Amino acid sequence: MKLKTHWADILMAIRKEQGLSRPQLSMMSGIGTSTIENYERRKIAEPSIYKVECLLESMGYELDAIKDSDS
């Protein structure tokens with residue numbers, strides 16, 4: 001059985017791989033630092049797909065990077 005990775009874990013892994021802090025990603029994407037933190041801590045169950053896409057694109061990824069993850 002293949003375990004799926006939660007989209008929030010993928011988002012945080014990409015951010016850390018890029019060597020970015022939450023405030024840095026916030027500046028790059030225009031998404032608030034607290035929103036990024038809430039996404040990564042899974043405090044927001046149903047994120048805005050637009051905001052997630054903006055975060056990923058600002059780090060050089062497309063939304064497909066998380067398409068096979070759990071919601």
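All of the numbers you see were taken from the coordinates with simple rules; none came from a lab. The shown structure was predicted, so the numbers you read here are calculated from the model rather than taken from an experiment. Counting neighbours? That spans all protein chains shown, and the Cβs are built from the backbone with ideal geometry, glycine included.
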| query | Using modelled amide H (1.01 Å from N, peptide plane; none on Pro or chain starts), what sits under 5 Å from the amide H of His6, excluding residues fewer than 5 places away? | reply | Asp70
| field | Global geometry of region 7-66, whether rounded, prolate or oblate, following the gyration tensor of its Cα atoms and the 1.5 cut on a/c | value | rounded
| query | How far apart, in nm, are the 7 Å Cα→Cβ label points at Thr33 and Glu46? | reply | 3.0
